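Read the structure below first, then the notes.
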Amino acid sequence: MLRFNIFHKITISTSIILLLVAVSFSGQAQKCAKKKLADKEIREDYDYRGQSLFIELGNGDSTTLNIVLYSKQNYRIFVVGEQKLGKIDYEIIVPRKKFNRVVQNIQQKKVTAYKKDPNGFYLYNTEGERIPIGEVMVNDTIWSRETNTTEELVYNSRDAESTFWTATPGKTQMISIKVFVEKTDKPQRGCIGVYVGREFSNAYQFRR
């Protein structure tokens with residue numbers, strides 16, 4: 001009975017700690033979302049309310065965020081942070097899938113051989129049926145499809161001409177945004193905004 005009580009208390013304490021951590025992260029995100037991190041000039045007329053993310057990071061930190069982009073929509077994506085954090089770099093990575101037809105298995109089986117003319121065409125009897133001449137062994141190949149996924153770096157803020165990335169994906173897909181905060185001698189923590197803006201190229205053709 002004593003062991004049960006101790007375990008029960010430990011479980012409750014652990015749950016409270018996890019809840020407090022979750023509430024803390026949620027509070028930080030809400031706090032950062034209320035800050036004006038991006039100027040109107042870079043935001044333009046895109047709608048950033050649906051998928052933008054706000055987090056708190058420190059100097060030298062990095063993180064990866066996954067975002068779903070929907071087909072036939074125009075996107076503008078960029079990352080900014082509080083000035084006290086210094087330089088913020090980010091990369092955008094798109095997974096590419098390639099399908100290859102590969103041999104899964106080869107089996108031998110007996111099949112009926114039919115009579116052919118010198119040109120290779122089947123000959124038929126008076127009833128319109130092929131004329132059998134015996135059985136032969138043939139290879140029966142079973143095929144399968146192999147999927148290879150690679151990652152393509154489509155944007156790197158370190159050497160890009162523009163401070164933002166724009167795209168209109170032909171199909172719905174997930175992308176990864178990797179954020180890097182500059183290292184400094186006196187680290188500080190601050191807010192990072194991952195702005196994902198969208199404008200509908202055709203509101204009646206919105207598809208997932």
Legend entry - Candidate set: the range 164-196, residues that are surrounded by 11 or more Cβ atoms within 10 Å (Cβ to Cβ) and of a type in the set (G, A, S); chosen: the one farthest from the chain's Cα centre (by Cα): G190
Legend entry - Some residue of the range 69-77 being outside any helix (DSSP H, G or I), surrounded by 10 or more Cβ atoms within 10 Å (Cβ to Cβ) and of a type in the set (D, E, K, R): yes
Legend entry - Only listed residue being among the charged types (D, E, K, R) and loosely packed, with under 10 Cβ neighbours inside 10 Å, chosen from E151, E127: E127
Legend entry - Lone unmet requirement of (1) touching a Phe, Trp or Tyr at 6+ places or on another chain (Cβ under 9 Å); (2) closer than 27 Å to D159 by Cβ for P95: (1)
Legend entry - Flag for Y122 being surrounded by 10 or more Cβ atoms within 10 Å (Cβ to Cβ), aromatic (F, W, Y) and under 30 Å from L65 (Cα atoms): no
Legend entry - Search result, residues across the range 35-68 that are touching a Phe, Trp or Tyr at 6+ places or on another chain (Cβ under 6 Å) and part of a loop (DSSP other than H, G, I, E, B): A38, Y48, S52
Legend entry - Meets criteria (in a strand (DSSP E or B), farther than 20 Å from P95 by Cα, in contact with a Lys or Arg (Cβ under 6 Å, 6 or more places away or on another chain) and modelled with pLDDT of 90 or more) for G197: yes
Legend entry - Residues of the range 94-125 satisfying the condition of being part of a loop (DSSP other than H, G, I, E, B) and not polar (S, T, N, Q): K115, D117, P118, G120, F121, L123
Legend entry - Residue check for E161: in the same structural domain as G197 (by TED's automatic domain parsing) and exposed (fewer than 10 other Cβ atoms within 10 Å of the Cβ): yes
Inset, instruction - Name the one entry in Q83, Q107 that is loosely packed, with under 11 Cβ neighbours inside 10 Å and in contact with an Asp or Glu (Cβ under 9 Å, 6 or more places away or on another chain). - result: Q107
Inset, instruction - Any chance you could count how many residues in the range 39-63 are touching a Gly at 6+ places or on another chain (Cβ under 6 Å) and under 14 Å from I88 (Cβ atoms)? - result: 1
Legend entry - Among residues of the range 142-183, those that are over 26 Å from Y70 (Cα atoms) and modelled with pLDDT of 90 or more, counted: 5
Inset, instruction - Considering (1) farther than 18 Å from I92 by Cβ; (2) of a type in the set (A, V, I, L, M, F, W, C); (3) modelled with pLDDT of 85 or more, say which one V21 fails and leave the rest. - result: (3)
Inset, instruction - Write out, first by first residue and then by second, each pair whose Cβ atoms fall under 7 Å of each other, whose residues are 6+ apart or on separate chains, and whose first residue, in the range 133-148, is closer than 20 Å to L123 by Cβ while the second is of a type in the set (S, T, Y) and modelled with pLDDT of 80 or more. - result: I133/Y114; E135/T112
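The values are calculated or read from the model by the stated rules, or taken from the named source; none is laboratory data. Fair warning: this is a prediction, and the values are worked out from it, not measured in the lab. Using ideal geometry, Cβ is built from the backbone for each residue, glycine included, and neighbour counts are taken over all protein chains shown.
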